[in-house]
Amino acid sequence: QKAMFLAKSRRYDSTLEATLNGPNIPVSVYSKLVDGVNRHLPSFHRYLNLRRRMLGVERLHYYDLYAPLVDSVDLSYTPAEASRHVKASMAPLGADYVAVLDRAFGERWLDWYPNPGKRSGAYSQDGAFDVHPFMLLNYNGKYDDMSTLTHELGHAMQSYYSNRTQPYPMADYPTFVAEVASTFNESLLVDYMLKTLTDDETRLSLLGSYLENIKGTVFRQTQFAEFERAMHQMGERGQPLTGSALAELYLSITKKYYGHDAGVTVVDDYVAHEWSLIPHFYRDFYVFQYATSFTASEALAQKVKAGDAEAVRRYMAFLSSGGSRYPIDLLKAAGVDMTTDEPLDLTIREMNRVMDEMERLLSRRAARP
């Protein structure tokens, strides 16, 4: 109701238009993401069937989505090993980028380990404009921890380059691009690790981790975005936003995404209430930016991994741009147009390529005596 009041009083056609006006993001970017992900649901259902096969269950339930795909792989990395792998994976971005990583590791930009009373999770803090970013981790030595390390370093490096290049009022980058550098780093890391590891089970684990990121960041966040848009549209039509009405709406969208009616995943009725524990819905039209950032970073990373020197130059310029332009223009200059289907289509193409390789590895596993 608050969002609707503000939108109407300022003569916007919808709460979505009002929210996206500030960062100057066309409403079509939001709708194109939702429509595109719906178009690519067959690829998501392929992933879900692959997960069912790997878990060895007769029917995949919604709660099975949180079980590990491969239970026999235990990858462990000391901080020194993780630092070495991260630097090696970032080598395509040039010597200057790697030199700044050396500073981050050598000059204690990172607080690595869990401690009593320490906040959980991980984050990068760039509030000290004229110093350098600081990173909080809770490092436990697993591959996911190394992936989190490179993720947070992506944020830190974007802050470092923007703070060094832009004046203070222009240094902070928009939320729409805030997850691009972090997920870009994850893509380069998994690509590097797959080039160094030949064991089938380990490769299955890493490839599965990549698919999990797509599941959680592209499909799940877009599912949230579709629900949120429909929720606002209900309010704009004058329909009461009761808990039961929202639960019914959420369940129908979730069943569609996870292929409940087609027998892909069993979405039990209690899942209807999951919407109530998602805090992002109290920040109007925020979650879709996780999905757009991921697809943008994947499109940019594919060009860098292909050895495109111009793509590297444009990406480094993007890291140094802060908030000097509107987010759509920042990404266009970097080499990806978020008003088109290309970023999502490239992401889904890579997703299907990964599933092709995983299916080959599973067939090879099954053929062993």
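The values are calculated or read from the model by the stated rules, or taken from the named source; none is laboratory data. Computed from a prediction, not measured in an experiment: that's the story for all the values here. So basically every Cβ, Gly included, is an ideal-geometry build from the backbone, and we count neighbours across all protein chains shown. Side chains included, ligands, DNA and RNA excluded: accessible areas come from the protein's heavy atoms. Shrake-Rupley method; radii C 1.70, N 1.55, O 1.52, S 1.80 Å.
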Return yes or no: is A99 among the small types (G, A, S), under 26 Å from T165 (Cα atoms) and either free of Cβ contacts under 8 Å to residues at least 24 places away in the same chain or open to solvent by 40 Å² or more (accessible area, probe 1.4 Å) (or both)?
yes
Matching residues, the range 310-365, being polar (S, T, N, Q) and closer than 15 Å to R46 by Cβ
T347, N352
Cβ contacts < 8 Å: first residue touching a residue at least 12 places away in the same chain (Cβ under 8 Å) and part of a loop (DSSP other than H, G, I, E, B), restricted to the range 48-73; second residue loosely packed, with under 15 Cβ neighbours inside 10 Å and among the acidic types (D, E), any location; separation 6+ or different chain. Result?
V70/E201; S72/E201; V73/E201
Checklist (1) of a type outside the set (S, T, Y); (2) in contact (Cβ under 8 Å) with a residue 40 or more places away in the chain; (3) under 17 Å from E179 (Cα atoms); (4) surrounded by fewer than 18 Cβ atoms within 10 Å (Cβ to Cβ) applied to R365, failing item:
(3)
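Would you say S324 is assigned to a loop (DSSP other than H, G, I, E, B), touching a residue at least 60 places away in the same chain (Cβ under 8 Å) and polar (S, T, N, Q)?
The answer is yes for S324.
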Do we have I214 as within 27 Å of M338 (Cα to Cα) and either of a type in the set (K, R) or crowded, with 17+ Cβ neighbours inside 10 Å (or both) here?
yes
Tell me yes or no: at least one residue of the range 154-168 is assigned to a loop (DSSP other than H, G, I, E, B), closer than 21 Å to L300 by Cβ, touching a Gly at 6+ places or on another chain (Cβ under 8 Å) and of a type in the set (S, T, N, Q).
yes
Please determine, by comparing only the residues of the range 238-263 that are β-branched (V, I, T) and touching a helix residue (DSSP H, G or I) at 6+ places or on another chain (Cβ under 9 Å), which one is farthest from F227 (Cα to Cα).
T254
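Taking the condition of being surrounded by fewer than 20 Cβ atoms within 10 Å (Cβ to Cβ) and either modelled with pLDDT of 90 or more or not in a loop (DSSP other than H, G, I, E, B) (or both), how many residues in the range 193-206 meet it?
Number satisfying all stated conditions: 7.
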Could you give me the residue pairs with C-beta distances under 6 Å whose first residue belongs to the range 271-289 and is under 21 Å from K2 (Cβ atoms), whose second residue is of a type in the set (G, A, S) and open to solvent by 20 Å² or more (accessible area, probe 1.4 Å) wherever it lies, and which are 6+ apart or on separate chains?
D284/A3
What about T347, is it open to solvent by less than 60 Å² (accessible area, probe 1.4 Å), under 16 Å from V218 (Cα atoms) and of a type in the set (S, T, N, Q)?
yes
Residue satisfying all of: in the range 125-171; under 16 Å from E81 (Cα atoms) and among the β-branched types (V, I, T); surrounded by the most Cβ atoms within 10 Å (Cβ to Cβ) among these:
T150
